[in-house]
Structure formats: structure tokens, C-alpha cells
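Notes follow once the structure below has been shown.
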Amino acid sequence: MRDAQSFDDFYRSTARRMVRYGCAVTGDHNEAQDLVQEAYARAWRQWGRLSAHPAPEAWLRLVVSRLATDRWRRLGGLRGALRLAGPPQPVPPPNEDSVLLVQALRQVPATHRRVLALHYLFDMPVEEIAREVDVPVGTVKSWLSRGRARLAALLPDLAVVELEATDVA
């Protein structure tokens, strides 16, 4: 049986040390936090047995060390694959229209932005979008219309292709 209070006490008394240990093992604070979080999740799953362990903190350090080792092994395999594949091709910078579009999209409400992306990037019909976002078809049509209108107002200098009403039908 897991005792939440004793686990909370254990966590409070050891968390800082574990993150410092994880930082020393990985050399990266964010990675250390991820590893320590995973170690505590594993400790919680076994807390009934682990709470009776003579050195639960040592067990936790061992889990963090093993997780870090697994991470380095995975990264080593990735490095080998990258060596075989060679360096990635340089990516050209975004064109000015793309930058303007992204800036304009940030000013469109999230709901409108979402349906615009689903409709134009994933070629989803309105009915399918309605099912995915769990709103009526009419709402999706309204959001698409308002999103397009907002983009047209934000991007008056771009050549905007007029979308026919059948686009949202």
C-alpha cells in the first residue's frame, strides 16, 4: 500500500539533492529535471516496497544514473546515424511573406487559427474539423470566415486569393 504522506515527505526532503545530482550526471539542468521526474514517478509506483528499503534515496540515485546512461546510449546511436547520413542540408531563411503570415496568425484568435490550420494545412473538410474540435459545423464555418477576414485585414499588401464560398460548404 502506498502512503502518499510519506512519499510527499520523502520528495520534499530529497528533490533538491536529486536535481543537483542529476545536473552533475547529465551536465544539463533541464535534462536533469526530466530524469529526476521520471525517477520519482517510478519511485511512486513502487512506494509500498521502496518505503521499507534501507536507502530509498540511494535507489533513486541509481534510477537517475541508469536513466542518464540510457539517454547517452540513445544519443550515441543518433550521433552514429547522423554521421552516416552526413550533415543536414542548409535550410533557406523564410521568405518575407511567410514571416508576415506568421505574425498575422499570432493576432488571430486561437480557435480561428486552429480551424484555419486544419482546413488549409491538412485539407480537412469542415465536417471533419467540426468533429475534431467538437463544435457544430456552422461554428467552424464562422471561425473560418472570421479568421480569413482577420488575416485579410492584417495582410492588405499580400496578394490574397479570394476563397469561394464553396470552400467552407
Check your understanding: Which of the trypsin sites (Lys or Arg not before Pro) across the range 96-144 are loop residues per DSSP, with 14 or fewer other Cβ within 10 Å?
Key -> R106
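For the chain, give the percent of accessible area contributed by carbon and sulfur heavy atoms, probe 1.4 Å, rounded to a whole number. It would help to have the intermediate numbers written out before the result.
Values: 6510 of 11730 Å².
The nonpolar share, carbon plus sulfur, comes to 55 percent.
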Point to revise | Centre separation in Å (Cα based) which lies between the range 1-79 and the range 113-134 | key: 41 Å
**Study point:** Average Cα contact separation per residue, the range 92-156, under 8 Å, 6 or more apart, as relative contact order %
**Key:** 40 percent
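How big is the shadow of the Cα convex hull of the range 92-156, averaged over all directions, in nm²?
Numbers: hull surface 18.5 nm².
Projected area, direction-averaged: 4.6 nm².
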Study note, to complete from the structure: Kirkwood Rh for the chain from C-alpha pairs, in Å, is 21.1 Å
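Rank these by accessible area, largest first, 1.4 Å probe: L151, L101.
Working: L151 30, L101 70 Å².
Sorted descending by solvent-accessible area, the residues read L101, L151.
Pairs of Cα atoms under 8 Å, at least six residues apart: use those to get the relative contact order of the chain, whole percent. Don't skip to the answer; put the middle values down first.
Working: 97 pairs, mean separation 27.2, N = 169.
Relative CO of the chain lands at 16 percent.
Determine the per residue accessible area of the chain with all protein chains present and a 1.4 angstrom probe, expressed in square angstrom. Could the numbers behind the result be given before it?
Working: 11730 Å² over 169 residues.
Computed with neighbouring chains in place, this is 69 Å² per residue.
The values are calculated or read from the model by the stated rules, or taken from the named source; none is laboratory data. This is a predicted model, so every value here is computed, not measured. Note that each Cβ is placed from the backbone with ideal geometry, even for glycine, and that neighbours are counted across all protein chains shown. SASA here: full protein model, heavy atoms, side chains in, ligands and nucleic acids out. Shrake-Rupley method; radii C 1.70, N 1.55, O 1.52, S 1.80 Å.
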